[in-house]
Amino acid sequence: MNHLLAGWRRSEVRRDGLWYVQPVPAKQAVKTYLCPGCTLDIVPGAAHIVTWRGDGVLGDAADLSNRRHWHSHCWKIT
């Protein structure tokens, strides 16, 4: 989890609060994830983003453990 805190990220304010958004380059994408936006797989080798709450009431550790991987396009249109 420390690599997520130390890596490049940006913050975004959305209607439901503050979110951290971190890109995952294609060469670092080594697992398959289910995108919560479209419910399709994000396959290994596909660049995408990881998001997690920046203002959760249970703290950073809980927010990081609930992070989600999204297709970049799906995150943009939510």
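The values are calculated or read from the model by the stated rules, or taken from the named source; none is laboratory data. Just so it is clear, the model here is predicted, and its values are computed rather than measured. Note that we place each Cβ from the backbone using ideal geometry, even for glycine, and neighbour counts take in every protein chain shown.
For region 65-78, the set of residues classified as more than 13 Å from Val21 (Cβ to Cβ) and hydrophobic (A, V, I, L, M, F, W, C) consists of Ile77 only.
Taking first residues from region 1-14 that are farther than 16 Å from Ser72 by Cα and partners that are part of a strand (DSSP E or B) and modelled with pLDDT of 50 or more, the Cβ contacts under 6 Å between residues at least 6 apart in sequence or on separate chains come to Gly7/Gln22.
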